[in-house]
Amino acid sequence: MSSEMSAAVKSGLDGVVAAATMLSSVDGEAGELIIGGYPLEEVAGRATFEETIHLLWYGALPTTAQLRDIKGVLAANRSLPEATFVLIQAAAARKIPAMDALRMALDSLSLELHEADTNDRMTPPFGLIARIPTIIASYARAVAGAEAVAPDPELGEAANYLYMLHGERADDEHVRALDTYLNTVVDHGLNASTFTARVIASTGSDVVSALVGALGALKGPLHGGAPGPALDMVFEIGTPERAEPVIRAKLERGERLMGFGHRVYKVRDPRADVLAAAATRLLARGAADATLYDLVHHVEQTALRLLEEYKPGRRLQTNVEFYTALVLHSIGLETELFTPTFAMSRAAGWIAHYFEQQSTGRLVRPQSIYTGPRDRQWVPVEER
């Protein structure tokens, strides 16, 4: 490859600005995340997930009447088509990964939600966002050999999700913690899955296709799969006195510490601060395991100290996955549900980006540089 070619290629599109958006702003140097004009810490711990959906889809927090309406339409659209439920049961019988089950089940919703219903910005696809929690909860219970729990129309999105998972109404503090988590990860600039959704949207394709494509991107462990391994490391350590030898051994072997470091943030991830505060609130109200909370805090401090020792100047700080693991575990979620629950939130952001991209009327079509051979001559097959 020539030097001119090499200079022109932006590996991973690093530094390339591919879209203008009013949805979120990420400042990795300042450690700042803006959601719909609000600093993350201003809304994440206060809003319900329904309020954040309204903020992204309509550009403003809802009034009391608007909030009542959005809650009503979401609650009315949670039930799954029979074909989707049958697919979930078949997937559970094979115990396929939850993200694969969610991808397949989400795609099957096209049987009921036609393109004409899901391409119109004036009628956002509430049926999609409302059914994702039902898919996840139904699959989790099917894998566990339990009967599916029907959605409760009296409950909000976070409370109903926990109810469908566990078969009983959740503690108010657990609902508040889940709302905080869903608000915290709902959108995050032009990440891999969101970019995928926007590329599909730019072709004029339907919103179901955009969400399925984005879900496929999120499934990759370099994007959405770190919360589970972050918690696994904490459990592997087990006690505070084991933190340093275990982490030091991992770093000596060149292993990555899950839950630390981020492609964008060069300081502490602001989402980690919001979720750490949510975990502290759970602890203060007796809704979290104090021993685990103390262990997680000790592991974090030890990891940060050793990362600076082994990788000085790399600025590898705590990221969102580390405290995601503690919060979601504390409210009773199994680790295999961490990434699907992330998708439950991020889907609201994907849909907002879908419509924003479609409004530009512009096809996403970057260029590439050919690096293969030239001037080859055809040789008949019998002479090769």
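Nothing in this text is a laboratory measurement; each read-out follows from the coordinates by a stated rule. On a predicted model such as this, the values are computed, not experimentally measured, just so you know. With ideal geometry, Cβ positions are generated from the backbone for all residues, glycine too; neighbour counts draw on all protein chains shown.
Structure notes:
- Full extension of the chain between Val381 and Lys95 yields a length gain of 98.3 nm, computed as 0.36 nm times the residue separation minus the alpha carbon distance.
- One quarter of the surface of the convex hull around the alpha-carbon atoms of the chain equals 24.3 nm², the direction-averaged projected area.
- Net charge of the neighbourhood of Ala217, taken over other residues with C-beta under 12 Å away and scored Lys/Arg +1, Asp/Glu -1, is +4.
- Potential extension, Tyr310-Glu154 segment - 0.36 nm per residue separation minus Cα distance: 51.0 nm
- As a ratio to 2.2 N^0.38 Å, the alpha-carbon radius of gyration for region 143-295 is 1.26.
- A Förster radius of 30 Å, combined with the Cβ-Cβ distance separating Asp27 from Ala60, puts the computed FRET efficiency at roughly 0.85.
- Listed residue pairs exceeding 29 Å between alpha carbons, taken from Lys95/Lys250; Lys219/Lys266; Lys10/Lys266: Lys95/Lys250
- Of the trypsin sites (Lys or Arg not before Pro) found in region 296-373, those that fall in a DSSP loop while having at most 13 other beta-carbon atoms within 10 Å are Arg314, Arg362.
- Database remark: amide H of Glu32 closer than 5 angstrom to the amide H of Asp27 (H placed geometrically; neighbours at sequence offset of 5 or more, or on other chains; Pro and chain starts carry no H).
- Each Cα pair under 8 Å and six or more residues apart adds its sequence gap; the mean of these over the residue count of region 227-330 is a relative contact order of 46 percent.
- By the beta-carbon count within 10 Å of each Cβ, the least crowded to most crowded order of Trp57, Trp378, fewest first, is Trp378, Trp57.
- Within the chain: Cβ-based charge dipole about Cα centre, in debye rounded to nearest 20 (Lys, Arg +1; Asp, Glu -1): 820
- Longest site-free stretch - the chain; sites: GluC sites (Glu not before Pro), DSSP loop, at most 16 other Cβ within 10 Å: 169-254
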